[in-house]
Amino acid sequence: MILHFYFARRFIRVFLTTLFIFLAFLTLIDLVEQMRRFNSDNVSFTDVFFLTLLNAPAGIYQILPLVMILSSVSLFLTLARTSELVVTRSAGRSAFTTLASPMLVSAIIGVSAVTLFNPIVAATSKQFITLEREYKNQETSTVSIGRDGLWLRQGDVDGQTVIHARSAIEQMTTLNDVSFLQFDTNGQPRSHIVADQATLTQRGWQLQNAKQWALNTTDSPEETARINAHLLVPTSLTEERIRESFSEPSAISIWDMNSYINELEEAGFSARRHKVWFQMELARPLFLMAMVLVGAGFTMRHTRFGKTGVAVLAAVMLGFGLYYVRNFAQILGENGQLPTMIAAWTPPVASILLALGLLLHMEDG
């Protein structure tokens, strides 16, 4: 037990050191990038630095597998050079016994990252996107999904229009049970339109069975109401622009992901991307454990055998390869070419099996 605690402490120390080095490196690079993107006359250095800090958690969260495999390589190289692994094996402990505590620590780090750090990343990413659009004088998100349906906002020279629909088809070209509330440039309501269906065309929203009330007159709105079988409402929105306004999966906390997926599906949208992301997050601890095994598989042998640099390079390259396969499987899952569970869970499971095979080969010769 004492030996397990010893290896666990060593691994935690190496992991935190590597993590802070990458954090400082990423923050410096991102600060330079943000200063390049924003005009110094409009955005102060303090604002740019705050944006950089908001973007730092997302960057660290994304490279956690790289940090994990480098920590594993560093730990076991140090143990091999000091002959601590030789002493451990001479005491009758196998490589798998030595790996038990680093594996447990990596699992705890993975679970903590998903359950505790993920909501922080989601919150900071959302705030980063909001401030970035504000500093660039871009419009904020035009789409909002809720339990009561879909909300959109569009603007033109005449003012703003708030659109509410109970549901929509997946292609985002038709809204059902829709209402339009139009405001003038002073923010005062000028008309209200209710329709059975609204179809997005190149000319605008084509409404069917629409009833329109004028709200900017002194007369009773019901007295001036007009019923139209077809009514065209101009819009600057496009299908691509509406889709881009949906929240990125990474900007949604894992604790809120299930409810957001349900709201998307109830509104008639595809939630495949968010489902794949959710399962990928659940599988993240397993993938981090695989990175520890890969690093150990190449560096647990004694340094007197030579070719240490080649072993380190092979471990890092294999880690990058597995990370690439994981991202590729995620893309296939989001496109519907792979089932969600297979896209999310196959790469980490296959990575662990590959690393275990490598360790067994090393142990048995």
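Just so you know, all these numbers are worked out from the coordinates, no wet-lab data involved. None of the values given here were measured: they were computed from a predicted structure. Backbone-built Cβ (ideal geometry, glycine too); neighbour counts: all protein chains shown.
Placing a label point 7 Å from the Cα of Ser144 along the Cα-to-Cβ direction, the residues of the stretch 170-210 with a backbone N closer than 14 Å are 181.
A simple spin-label model places pseudo-atoms 7 Å from Cα toward Cβ; at Arg133 and Thr201 they are separated by 2.9 nm. Full extension of the chain between Leu215 and Leu181 gives 11.3 nm of extra length, using 0.36 nm per residue less the Cα-Cα distance. Can you compute the FRET efficiency between Phe20 and Leu356 using 1/(1 + (r/R0)^6), with r the Cβ-Cβ distance and R0 = 45 Å? Round to the nearest 0.05. E between Phe20 and Leu356, to the nearest 0.05, is 0.90.
Where does each of Glu132, Glu240 land when they are ranked from fewest to most other beta-carbon atoms within 10 angstrom?
Listed from fewest to most nearby Cβ atoms, that is Glu240, Glu132.
Gyration tensor analysis over the Cα atoms of the chain returns equivalent ellipsoid semi-axes of 55, 22, 15 Å (largest first, whole Å).
Normalised by residue count, the stretch 208-351 yields a Cα convex hull volume of 175 Å³ per residue. With R₀ fixed at 45 Å, the C-beta to C-beta distance from Val32 to Ser90 puts the FRET efficiency at about 0.35.
Here r is the Cβ-Cβ distance between Leu232 and Asp47 and R0 is 41 Å; the resulting FRET efficiency, rounded to 0.05, is 0.45. Scattering from the C-alpha atoms of the stretch 143-244 alone, worked out with Debye: what is log10 I(q)/I(0) at q = 0.10, 0.17 1/Å? Computed log10 I(q)/I(0) values: -0.26, -0.76. The distance between label points at Glu248 and Asp158 comes to 3.6 nm (points 7 Å beyond Cα on the Cα→Cβ vector). Legend: helices of the chain (whole DSSP H runs) are marked when their alpha-carbon atoms reach 27 angstrom or more along the helix axis and their mean Kyte-Doolittle hydropathy is at least 0.0; marked are 2-37, 308-334, 340-364.
For the chain, the dipole from Cβ point charges (+1 on Lys and Arg, -1 on Asp and Glu) about the Cα centre works out to 2020 debye, to the nearest 20.
For every helix of n ≥ 4 consecutive DSSP H residues, a contribution of -39,500 (n - 2.57) applies; sum these over the chain, divide by its total residues, and give [θ] at 222 nm rounded to the nearest 500 deg cm²/dmol. That calculation yields -19500 deg cm²/dmol at 222 nm.
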